[in-house]
Amino acid sequence: MDRSWMNERRISEECEKGISMFFQYVQQNAKFVSGTYFCPCIHCLNQIRQDLGNMRDHLSMFDIMRTYTVWTWHGEVLDQPTTSRETNYVEEWMSDHLEDMIRDVGEDNFGRCNLYDSLINDSEQPLFSGCSNFRCLSATLKLFCLKARNGWPKKVSQSCWSC
C-alpha cells in the first residue's frame with residue numbers, strides 16, 4: 001500500500017485520500033475493542049484508542065506519526081522470510097541449550113513469569129468502568145512519565161496508583 005500520503009501536508013487532497021485508505025485498511029485488519037482502534041496521531045502515539053470519527057479528527061488536526069510506516073498496531077505483519085537451514089540451526093541450538101538457559105535464569109525468576117500476562121491484561125483493561133479511550137497500563141505509564149519529567153517525589157506516585 002502506498003504510504004507517500006503520510007509525508008504530505010494534512011490539508012492536501014493526497015493526505016485525505018491516504019487517511020481514507022488507511023481507515024479501510026484498519027477496518028479490515030486491525031483488532032478493535034468496543035469499536036475503537038489505536039490512534040496513530042502524534043498526540044496519541046498508538047497508546048490511546050479512538051473511534052474512527054475521533055481518529056479522523058486527530059489525524060487531520062495533529063497529523064500521523066511519520067515514522068509509523070509499518071502499521072503493526074493496525075494488523076500489518078512484517079514479512080521476515082527465513083530459510084529452512086536457518087530454522088533448523090536455531091531449533092538445534094535451542095534444544096541443545098534450553099536446559100542450560102533455564103538453569104542460568106534460575107528458579108527465583110520463575111515467580112515473575114506471570115508478569116507478562118498481567119501486563120497484557122492491564123493493557124486491555126479500561127481505566128474505569130465505561131471508559132473506552134484509556135487503558136489501565138497506558139494511564140499508569142503516562143503518570144510515570146509525568147512523575148519523571150516533573151521530578152515528583154516517590155510519595156506522590158505511591159498515593160496516585162490505584163489500577
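Below, the figures for the structure above:
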quantity	calculated
Residue, surrounded by the fewest Cβ atoms within 10 Å (Cβ to Cβ), within region 16-40, restricted to residues that are of a type in the set (S, T, N, Q) and outside any helix (DSSP H, G or I)	S34
From the options L45, L78, residue that is closer than 19 Å to K142 by Cβ, among the aliphatic types (A, V, I, L, M) and in a loop (DSSP other than H, G, I, E, B)	L45
Qualifying residue in region 8-15 (condition: assigned to a helix (DSSP H, G or I) and touching a residue at least 60 places away in the same chain (Cβ under 8 Å))	no
Residue list for region 117-137, filter: in a helix (DSSP H, G or I) and touching a Leu at 6+ places or on another chain (Cβ under 8 Å)	L119, D122, S123, C136, L137
Number of the exception - L78 against (1) of a type outside the set (K, R); (2) modelled with pLDDT under 60; (3) exposed (fewer than 10 other Cβ atoms within 10 Å of the Cβ)	(2)
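The values are calculated or read from the model by the stated rules, or taken from the named source; none is laboratory data. Computed from a predicted structure; not experimentally measured. Reconstructed Cβ throughout: ideal geometry from the backbone, glycine too, with neighbour counts over all protein chains shown.
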